[in-house]
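The structure under discussion appears below in the form of structure tokens.
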Amino acid sequence: MWFVFALLSAIFAALTSILAKVGISEVNSNLATAIRTVVVVAMSWGMVFLTQAQSGLSSITKKSWIFLILSGLATGASWLCYYKALQLGEASKVVPIDKLSVVITIILAFLFLHESFTAKSLIGCILIAAGTLIMVV
């Protein structure tokens, strides 16, 4: 089931890029990010209440709060940079560079989460980086 959700995530991310590129053509990128964020917040809390997950709020540990807040800050910074890049550049070039996050995630997962880094991972990272370079040059 994780594969289905991952694939849907990729489809929605692609739609996000195209819709955002059209939407920010005459809007400040920071304002556009704030508008998008309000929609995401409303949708997220809607899902929390729809699935009755709000009862889990009281059981979140201090460590989890800290890391979720840091993750939120990283997401916000990513979105602000992404929207500015999308406003200034072509979606077909901005998006592949943004997806270098896959390579960076694999490296960080190896360093900080001690996940395995295999020959297959290394080859995949090299291919993603090379493909990105080919697409943006």
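The values are calculated or read from the model by the stated rules, or taken from the named source; none is laboratory data. Note that the coordinates shown come from a computational prediction; the quantities given were computed from them, not determined experimentally. Note that each Cβ is placed from the backbone with ideal geometry, even for glycine, and that neighbours are counted across all protein chains shown.
Considering only segment 22-109, give the helices (runs of 4 or more DSSP H) lying wholly within it that have at least 1 residues that are loosely packed, with under 10 Cβ neighbours inside 10 Å and out of contact with any Asp or Glu (no Cβ under 9 Å at 6 or more places or on another chain).
29-50, 62-88
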(request) Search segment 4-62 for residues being among the charged types (D, E, K, R) and farther than 20 Å from A74 by Cα, and hand back the single one that is farthest from the chain's Cα centre (by Cα). (result) E26
(request) Give just the number: which of (1) outside any helix (DSSP H, G or I); (2) surrounded by 10 or more Cβ atoms within 10 Å (Cβ to Cβ); (3) modelled with pLDDT of 95 or more does F117 not satisfy? (result) (3)
